[in-house]
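Reviewing the structure listed below.
The values are calculated or read from the model by the stated rules, or taken from the named source; none is laboratory data. Bear in mind that the values here come from a model prediction, so they are computed numbers and not experimental data. Cβ atoms come from the backbone with ideal geometry, glycine included; neighbour counts cover every protein chain shown. Ligands, DNA and RNA are stripped out before the accessible areas are found, and what is left, the full protein with its side chains, is counted by its heavy atoms. Shrake-Rupley method; radii C 1.70, N 1.55, O 1.52, S 1.80 Å.
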Amino acid sequence: MPKRKTGAGGAGPSTRQLRAAELVRHAIVGILARDELRDPALVGALITVGEVRASPDLRHMHVFVAPLGGGDPAPLAEALNRAAPYLRGRLAREVELRNAPALHFLADTSYAIAQRIDAALAAPEVVRDLHPPAEENS
């Protein structure tokens, strides 16, 4: 039997992975919004779940998190990894998947990178180059 290609050109995740990851992302956002966590580092924390990536067998989910409003996402990811067994149990009750996936929380640095790019584009030298003065025709 020939191998099945996944995603566009066989390079990306399959549609099944994308759908399961988005389902898990919505469920995790709901669990975190209800503020059911007892870890002192997580009580009252506003958390942004930027992306969830599923393994091909859907047994592992990598969840990219960052604090809402900025800040260092590493301590937040560490605290969520401590709470991962609890979150996995809650997830198993909310999402209908054959197996409850193991959750791996990672610090999402994409927001910080985007802010640096915005700051670089707003620099006077770059703005001057992007919008040169109109030349007068004489």
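Remarks
- Total residues in segment 105-125 satisfying the condition of being touching a His at 6+ places or on another chain (Cβ under 9 Å) and without any contact (Cβ under 8 Å) to a residue 12 or more places away in the chain: the figure is 0.
- Every condition in (1) closer than 25 Å to Pro13 by Cα; (2) surrounded by 12 or more Cβ atoms within 10 Å (Cβ to Cβ); (3) in contact with a Ser or Thr (Cβ under 9 Å, 6 or more places away or on another chain); (4) not β-branched (Val, Ile, Thr) is met by Pro56 except one, and the failing one is (2).
- Cβ pairs under 7 Å, 6+ apart, first in segment 44-59 and in contact (Cβ under 8 Å) with a residue 60 or more places away in the chain, second open to solvent by 30 Å² or more (accessible area, probe 1.4 Å) and among the hydroxyl-bearing types (Ser, Thr, Tyr): Gly50/Ser110
- Residues of segment 43-57 that are outside any strand (DSSP E or B) and modelled with pLDDT under 90: Val43, Gly44, Ala45, Leu46.
- Among residues of segment 18-40 that are open to solvent by less than 80 Å² (accessible area, probe 1.4 Å), those with a beta-carbon under 6 Å from a residue that is small (Gly, Ala, Ser) at least six positions away or on a different chain give the pairs Ala20/Ala54; Ala21/Ala54; Leu37/Ala83; Asp39/Ala79; Asp39/Ala83.
- Note on segment 60-92: residues that are open to solvent by less than 20 Å² (accessible area, probe 1.4 Å) and either outside any helix (DSSP H, G or I) or in contact (Cβ under 8 Å) with a residue 60 or more places away in the chain (or both) total 6.
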